[in-house]
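*Asks:* This is the structure I have questions about; it appears just below.
Any read-out appearing in this document is the output of simple, stated calculations on the displayed coordinates, not a laboratory observation. Not measured: the values here are computed from a predicted model. Because the Cβ atoms are built from the backbone with ideal geometry, glycine has one as well, and the counts that use them run over all protein chains shown.
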Amino acid sequence: MYVDGAMPMLAFSKYQGLGNDFLLLDGREAAQADETLGLSPETVQRICDRRFGVGGDGVILALPPQQGGELRMRIFNADGSEAEMCGNGIRCLARFLADSDGDTPGRRWQVETLAGAIVPELLADGSVRVDMGEPFLQPADVPTTLQVGPAGLPQGELEAGGETFAVAAVGMGNPHLVIPVAAVEYVDLERLGPLLEVDPAFPARANVHFVAVRAADHLVMRVWERGAGPTLACGTGACAVLVACHRLGLSGPEARVDLPGGTLWIRWDLQTGHLFMAGPAEPAFDGVLAPELLGLEQAQPVAAEPSLPAVSAEQPAINCSVACVQGCQQPENCPSAEARARVDALLSSRSLDDLVAMASGSLESRSRARLERDEPAQG
């Protein structure tokens, strides 16, 4: 929710896809320079903490487009790091957009991500089908140091915790490590996941997936997500698992993929090379973040919007969410200072009750639109 044109409010919506849960923040009207809506990696960690925050596997921002799409998605893992893409996350984003805007089945969105353009579509039952694009099978594109093997994708052996595994790698805009096993329920994921995530063969770390083949069209998998740990589902991971299993001769190009949180349906169109994923995305609740959770409880009154010194032509642009993880790299002229000052000014001029009241109008209208859209389908 926004006030005075570009001021980010504290309203959010919580959505989950097969138990993979995210906080959604609508920043489509934000200024182009406000890349993170004022959220730092530390703030994301606090928000996603399941005991001291709201709890979630990540935070998703809907932002103005930069490359001709309809909007842009940025997704941050629970540890504050940024992910290139997330299949469950983009399904949740699509359902959030439909609920917010009152869209009906058949609506498609051109979404810009760090993994390229992704196109989700709202289906009649409220689930979402996503054209995930083509998988990356060359080592440099994953990225991985594993070399292309006989199956036409990066293959090799990795050791973790005293065990050696035959593995394959697939890129879906983010890196995936796929390990076929006889039965996923016997895998010590808590021990092996963090070791394999940081294996030197994956310079950008890896999402780790153990998969058992029940039939040519039925796969069962468990997930260790990069930056999040064990999760109930991973959409890009399910796509990567199908690609790896098909190339290894273990499955067909289309399969039901069972994850701890539920089932995804994955199809690899071998003519176009595109992968299609279909699965649920459900709203959980709407709410308003407390200023304390955002680290703004010490905000002092700001009489007027501060004027910042001009950035010199020689000074490179800084992506605060990436460059400033360990602290501000440009404190004398911070690119995020203006946005934070506006937030401070708003918070110091209004009570928390006022903020809740302003956000409630938006949340109530979105909930009403969601119910009105769903009523004909139920009838």
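*Asks:* How would you order 116-122, 158-164 from highest to lowest mean count of nearby Cβ atoms within 10 Å?
*Replies:* Most protected by this proxy first, the peptides run 116-122, 158-164.
*Asks:* Provide the packing ranking of 184-195, 43-54, i.e. peptides ordered by the mean count of other C-beta atoms within 10 Å per residue, highest first.
*Replies:* Result, highest mean first: 43-54, 184-195.
*Asks:* Right, something else. Length gain on complete extension for the stretch E29 to E190, per 0.36 nm per residue less the alpha carbon to alpha carbon distance?
*Replies:* 53.9 nm
*Asks:* Quickly rank 107-114, 66-73 as a protection proxy: mean count of other C-beta atoms within 10 Å, highest first.
*Replies:* Top of the packing list down: 107-114, 66-73.
*Asks:* Around L114, under 11 Å between beta carbons, what's the net of Lys plus Arg minus Asp minus Glu among the other residues?
*Replies:* For residues surrounding L114, the net value is -1.
*Asks:* I've got another one for you. Quote the convex hull volume per residue of the stretch 135-273, based on C-alpha atoms, as a whole number of Å³.
*Replies:* 94
*Asks:* What Kirkwood hydrodynamic radius do you get for the stretch 1-148 when you take the inverse of the mean 1/r over all pairs of distinct Cα atoms, in Å?
*Replies:* Answer for the stretch 1-148: a Kirkwood hydrodynamic radius of 16.0 Å.
*Asks:* How far apart, in nm, are the 7 Å Cα→Cβ label points at D131 and T272?
*Replies:* 0.4
*Asks:* Shifting gears a bit: Take every Cα pair under 8 Å in the stretch 135-273 that's 6+ residues apart, average their separations, divide by the length, and report that relative contact order as a whole percent.
*Replies:* Across the stretch 135-273, relative contact order equals 19 percent.
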